[in-house]
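Quick note: the coordinates plus some simple rules give every number you see, no bench work behind them. Computed from a predicted structure; not experimentally measured. Glycine gets a Cβ as well: all are built from the backbone with ideal geometry, and neighbour counts include every protein chain shown.
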Amino acid sequence: MDASTARTARARFNSNWFAAADTSRLAELLSAAADIAIILDERGIVQDLVVGAPDMEASVFDSWIGSPLSDRVTVESQPKLSRLLKAANDDDGAPVQTHVNHPQQNADDLPIQYTSTALGNGCILALGRDLSPLAAAQRRFLSAQRAYDREYAKLRSAEARTRAFFHLADAPAFFVDEADRITIANRVAGDYWPKISRFEGRRFLDLFRPSDRDVLSVELDEARRSGSARSVTVDLGRLVLAPAGIDGGALLVRFAAGADRVDRVSDKVARLVEAMPDGFVVTDGQFMITAANETFAAMAEVGRTSQVVGSSLEAWLGRSGVDLSVIRTALADTGSLRGYATVVKSALGQFQDVEVSAARVSDARGEVIGLSIRPALAIEGPVPSPSAQQLTELVGRVPIKDIVRETTDRIEQMCIEAALELSGDNRASAAELLGLSRQSLYVKMRRYGIVDVDPDAGQSGGE
């Protein structure tokens, strides 16, 4: 007997209390106390049953009488039912419990928690409780959890990008709380105050001369009160104070860059691209790489950017010639492409799912293409697929077998994900929606890495 078939505590009533009880009244009480009550013989064949739950249609269960109960449960529930009947027929006759699923036509499996005991006349009484409300609540919880995870991933991504650009500012910048204490300082602040090793927790006004602190304190309070940005000039330069919190207490304080610290725009762009958390690649019109940042080198699992410069982008990006052809066609038509799903192939043979945004510019010296490459977040939704127009434009450029294989795999994966979403992750229902057997669905889910599946694991309300 395993953990799924647990013995309950014995009743403490003296059996003499029930010696003169009216058996018909006891039967009515049992049917009222349980959602379904079943009488089985020692072979597990249904002899009689009563449905007590008002939302369970009694006529549906009439066909059970005279047939083995094992024929009315799902495949993974049959071993648990066998253990239940064996335990109920033990000599001690103690009640036992287990959970099984009953398949239903055009509906989710019906989960029932049974408590059974031997009646002493060769028969077994099984009292069942409908777990469908609990299963539905679990599905709603999982759906809400997935939505929460998607939103959380978006917030984390936005926060990471905000921090990256905050630290890329070419002048000191600080986040200051309502008590005028520094919560975050960017890296450039260390260049202005080299003797301070840690800014967080320090009073912001202590960074300035005493003659500037009074006016600066007034301006900080005024920025919080008005809820709008303000500018103030102190001995160290001009400061911009901007509200940064919903309650108006936190402020973003940054120095306005002086003329002696203004770099050429091209130099700033180059430094920003190099420090970006996403990969960035520059190619010529033939997709030969002319420049790349360290992030892309890390994606390609090479030691230096020089190892990718001079090579074809096709060696690192795309599952086949299809993806690069789609990018080329989009750039030729509109000059830009946003959020195209593909993969980066590393020097070690690994594949990483990414999203590519690209733009093309031309001048007298030729054509230049820039591609921003970011890791794809699996929880943000299904993978975009090339449009029919994009695919037909590939004819003559890419072998048809490559086009068909690529698009078939993507469409099949999207259909499986859509069926799982519609069924609330109920794989039995998803398989029926797709016209597949459960085993075929499990194989395809493993193939596309949609989720780790275990066809032998029982799930309440799932299978």
Q. Given H placed 1.01 Å from N in the peptide plane, which residues other than close sequence neighbours of L119 have an amide H under 5 Å from its amide H?
A. I124, L125
**Q.** Amide H contacts under 5 Å for E367, placed H, 5+ residues apart
**A.** G285
Q.
Need the C-alpha centroid separation for the stretch 149-168 versus the stretch 80-131, integer Å.
A. 52
Q: Please give the contour-minus-distance gain from V50 to R304: 0.36 nm per residue of separation, less the Cα-Cα distance, rounded to one decimal in nm.
A: 84.0 nm
Q. Between G52 and residues 5 or more places away or on another chain, which pairs have amide H atoms under 5 Å apart, with H built 1.01 Å from N, and which residues are they?
A. I36, A37
Q: Return a whole-number percent for the relative contact order of the stretch 77-190, with Cα pairs under 8 Å and 6 or more residues apart as the contact set.
A: 14
Q: Can you pull the one-decimal nm distance between simple spin-label points at S311 and K401, each 7 Å off the Cα toward Cβ?
A: 2.6
Q) HN-Hα J couplings of the stretch 99-112 from phi, Karplus 6.51/-1.76/1.60, θ = phi - 60°, integer Hz, Gly and Pro as x? A) 10, 10, 10, 9, x, 10, 6, 6, 7, 5, 4, 8, x, 10
Q) What list of ³J(HN,Hα) couplings, whole Hz, do you get for the stretch 193-207 from phi and the Karplus terms 6.51, -1.76, 1.60, once you set θ to phi - 60° and write x for glycine and proline? A) 10, x, 7, 9, 8, 9, 8, 4, x, 7, 6, 4, 5, 5, 6
Q: Estimate the FRET efficiency between V75 and D333 by the formula 1/(1 + (r/R0)^6), using the beta-carbon distance for r and 41 Å for R0, to the nearest 0.05.
A: 0.20
Q.
Is the C-alpha gyration tensor of the stretch 269-370 telling us rounded, prolate or oblate? Criteria: a/c under 1.5 is rounded; beyond that, a/b larger than b/c is prolate, otherwise oblate.
A. oblate
Q.
Please compute the Kirkwood hydrodynamic radius of the stretch 42-169 from all pairs of different C-alpha atoms, in Å with one decimal.
A. 17.9
